[in-house]
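Report on the structure given below.
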Protein chains: 2
Amino acid sequence: MAKASDSKEKTLAAAAKLFRQQGYHGTALHDILEAGGSPRGSLYFHFPGGKEEIGQAALTLAGEAVRAAIASAADASDNAESFLVRIVRGMAADLERSGFKEGCPIATSALETSAQSEALGAASRNAFQKWELEIKRGLFRFGMPAGEADLAATMVLSQLEGALLLARTYRSIEPIHRAEQAVKLLARGRGSE
Amino acid sequence: MAKASDSKEKTLAAAAKLFRQQGYHGTALHDILEAGGSPRGSLYFHFPGGKEEIGQAALTLAGEAVRAAIASAADASDNAESFLVRIVRGMAADLERSGFKEGCPIATSALETSAQSEALGAASRNAFQKWELEIKRGLFRFGMPAGEADLAATMVLSQLEGALLLARTYRSIEPIHRAEQAVKLLARGRGSE
DNA sequence: TACATATTATGAAGGTCGACATACCGATTT
DNA sequence: AAATCGGTATGTCGACCTTCATAATATGTA
């Protein structure tokens with residue numbers, strides 16, 4: 001048989017990048033193949049499910065990458081505040097480095113597709129849930145009670161996602177700077193009610 | 001001339017709704033015409049700029065509607081906390097009523113298009129900026145210092161947008177409930193740094 | 001009142017691009 | 001040497017955005 005090529009991995013990586021930048025519907029299969037350097041026909045061999053299957057796989061891949069990044073941010077920190085700040089700064093760096101083209105790798109596709117495709121919706125859901133869980137773990141690890149950490153993790157993720165959206169739209173990292181402050185407030189613990 | 005019909009307004013309203021639910025690229029001109037009840041050909045008469053012009057107009061319309069809603073939430077409240085809570089609850093109600101199909105009317109299209117279309121990017125930017133300003137005004141009105149209100153407005157909007165994204169993806173309003181708590185914390189004033 | 005004209009509105013057709021299916025090639029294994 | 005399996009190239013069908021020729025109505029003029 002022909003060599004077990006790496007074209008599948010390259011295709012997937014290219015797909016994840018393009019979905020991140022242009023969303024699901026804004027990305028043509030043709031673009032993915034071209035960016036990945038793979039020949040046109042090999043697509044339906046690797047992904048019999050077509051575009052939806054590629055989307056699912058790309059979302060899962062990107063989701064896992066971010067999850068790992070959050071986990072390693074926790075490892076590199078020694079308190080809740082620096083943990084969250086590290087995550088925020090990482091996102092800001094990604095966004096700025098890419099010329100404000102690469103924000104959250106899931107958000108765009110999630111908004112576009114989660115209402116109409118069960119498979120893509122599930123992939124987005126899984127990614128976000130894993131992130132929330134990883135943030136919760138980090139906060140718990142640095143001393144926040146589990147119940148509180150669960151709530152705070154959602155708030156932190158919302159804050160991050162919203163800031164990424166505004167930053168991308170404004171083409172400015174200012175919203176992310178502000179999110180950093182907001183997130184510090186959340187790290188410090190919630191109010192009394 | 002033919003009667004000055006209301007088909008332009010109906011088309012625009014239908015477009016705004018569809019863009020909100022399915023995003024820009026996920027919505028075909030054909031769908032818009034059908035939903036608006038307008039005949040196929042009348043589109044390029046009302047909107048010579050084609051799909052991009054419709055998108056711009058729809059985004060502007062939706063942006064103004066939300067701005068007005070924020071302003072009236074301020075009028076109906078007598079302190080910062082209830083002002084923000086009112087906004088959050090309004091969004092939650094919209095989302096739930098629509099079966100988790102109608103979240104932020106701008107976010108999806110903004111993420112999809114603001115990198116590639118100057119016109120659509122500007123429309124999204126304007127909408128978000130107006131919202132931020134309106135939130136800032138409300139917070140200032142209820143006693144928050146202007147500088148602080150400016151920062152807090154961005155944080156509040158980020159929190160809201162992120163919560164809307166998560167809620168839509170999870171098909172659950174729980175993230176919005178949590179955002180309500182987070183936003184109360186922000187209303188109370190930021191920390192010391 | 002009748003006609004001409006400019007403006008508003010409409011339906012159908014065209015051309016491009018996208019997703020997908022199928023037919024094909026080469027290498028490895030028996 | 002033949003068959004099978006991993007991988008590739010071409011072709012088809014449909015959807016989408018856009019344009020254009022045409023109709024309908026209102027306004028101006030005689």
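Against the condition in contact (Cβ under 8 Å) with a residue 24 or more places away in the chain and within 14 Å of DNA strand D (Cβ to nearest atom), how does B:A15 come out, does it pass? Break it down into steps so the answer makes sense when it comes.
Numbers: in contact (Cβ under 8 Å) with a residue 24 or more places away in the chain: yes; within 14 Å of DNA strand D (Cβ to nearest atom): yes.
Criteria met by B:A15.
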Region B:38-65, residues that are within 11 Å of DNA strand C (Cβ to nearest atom), surrounded by fewer than 18 Cβ atoms within 10 Å (Cβ to Cβ) and part of a helix (DSSP H, G or I): B:R40, B:G41, B:S42, B:Y44, B:F45, B:H46
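Could you pull out the residue among B:E102, B:E81 that is within 19 Å of B:K17 (Cα to Cα) and in contact with a helix residue (DSSP H, G or I) (Cβ under 9 Å, 6 or more places away or on another chain)? Spell out how you get there, then give the answer.
Values: B:E81 fails: within 19 Å of B:K17 (Cα to Cα).
Just a single option satisfies the conditions, and that option is B:E102.
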Determine if region A:77-92 includes at least one residue that is under 21 Å from B:L165 (Cα atoms) and free of Cβ contacts under 8 Å to residues at least 40 places away in the same chain. yes
Which of the residues that make up region A:30-53 are without any contact (Cβ under 8 Å) to a residue 60 or more places away in the chain and within 14 Å of chain B (Cβ to nearest Cβ)? A:D31, A:K51
Residue identified as within 11 Å of DNA strand D (Cβ to nearest atom) and within 24 Å of B:F128 (Cα to Cα) among B:E53, B:E9: B:E53
Test: residue in region B:76-92 that is over 22 Å from B:S158 (Cα atoms) and of a type in the set (D, E, K, R): yes
B:R86: passes all of (1) crowded, with 17+ Cβ neighbours inside 10 Å; (2) within 16 Å of DNA strand C (Cβ to nearest atom); (3) among the basic types (K, R); (4) more than 14 Å from chain A (Cβ to nearest Cβ) but (2)
Across region A:132-156, the tally of residues that are more than 10 Å from chain B (Cβ to nearest Cβ) and either part of a helix (DSSP H, G or I) or without any contact (Cβ under 8 Å) to a residue 40 or more places away in the chain (or both) stands at 14
I'm told B:T169 meets every condition in (1) surrounded by fewer than 21 Cβ atoms within 10 Å (Cβ to Cβ); (2) part of a helix (DSSP H, G or I); (3) at the interface with chain A (Cβ under 8 Å from one of its Cβ atoms); (4) not small (G, A, S) except one. Can you identify the failing condition by its number? (1)
If we keep just the residues of region B:1-28 that are away from chain A (no Cβ under 14 Å) and modelled with pLDDT of 90 or more, which is farthest from DNA strand C (Cβ to nearest atom)? B:A16
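Look at B:L120 and say whether it is within 11 Å of another protein chain (Cβ to nearest Cβ), touching a residue at least 24 places away in the same chain (Cβ under 8 Å) and crowded, with 17+ Cβ neighbours inside 10 Å.
Values: within 11 Å of another protein chain (Cβ to nearest Cβ): yes; touching a residue at least 24 places away in the same chain (Cβ under 8 Å): yes; crowded, with 17+ Cβ neighbours inside 10 Å: yes.
The answer is yes for B:L120.
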Taking region A:66-83 as the search range and keeping residues that are among the aliphatic types (A, V, I, L, M) and within 16 Å of the chain's Cα centre (by Cα), which one is surrounded by the most Cβ atoms within 10 Å (Cβ to Cβ)? A:I70
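Would you call A:I32 within 15 Å of DNA strand D (Cβ to nearest atom), within 30 Å of B:E118 (Cβ to Cβ) and β-branched (V, I, T)?
On the way: within 15 Å of DNA strand D (Cβ to nearest atom): yes; within 30 Å of B:E118 (Cβ to Cβ): yes; β-branched (V, I, T): yes.
Yes, satisfied.
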Could you figure out which of (1) within 28 Å of B:S124 (Cβ to Cβ); (2) surrounded by fewer than 24 Cβ atoms within 10 Å (Cβ to Cβ) isn't true of A:A149? (1)
As an exercise: evaluate A:A187 against (1) buried (at least 24 other Cβ atoms within 10 Å of the Cβ); (2) of a type outside the set (D, E); (3) more than 9 Å from chain B (Cβ to nearest Cβ) and give the number of the one condition it does not meet. (1)
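Taking region B:172-183 only, how many residues are more than 7 Å from every other protein chain (Cβ to nearest Cβ), touching a helix residue (DSSP H, G or I) at 6+ places or on another chain (Cβ under 7 Å) and over 21 Å from A:E112 (Cα atoms)? Explain how you work it out, then say what you get.
If we filter region B:172-183 for residues that are more than 7 Å from every other protein chain (Cβ to nearest Cβ), which is where we start, we get B:172-174, B:176-177, B:180, B:183.
Adding the requirement that they be touching a helix residue (DSSP H, G or I) at 6+ places or on another chain (Cβ under 7 Å) leaves B:173, B:176, B:180, B:183.
In the following step, the residues that additionally are over 21 Å from A:E112 (Cα atoms) were identified as B:180, B:183.
Summing the residues that are more than 7 Å from every other protein chain (Cβ to nearest Cβ), touching a helix residue (DSSP H, G or I) at 6+ places or on another chain (Cβ under 7 Å) and over 21 Å from A:E112 (Cα atoms) in region B:172-183 gives 2.
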Is it true that some residue in region A:95-111 is surrounded by 24 or more Cβ atoms within 10 Å (Cβ to Cβ), modelled with pLDDT of 95 or more and more than 15 Å from the chain's Cα centre (by Cα)? no
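The values are calculated or read from the model by the stated rules, or taken from the named source; none is laboratory data. These numbers come from a predicted model, not from an experiment. Every residue, glycine among them, receives a Cβ derived from its backbone with ideal geometry; neighbour counts consider all protein chains shown.
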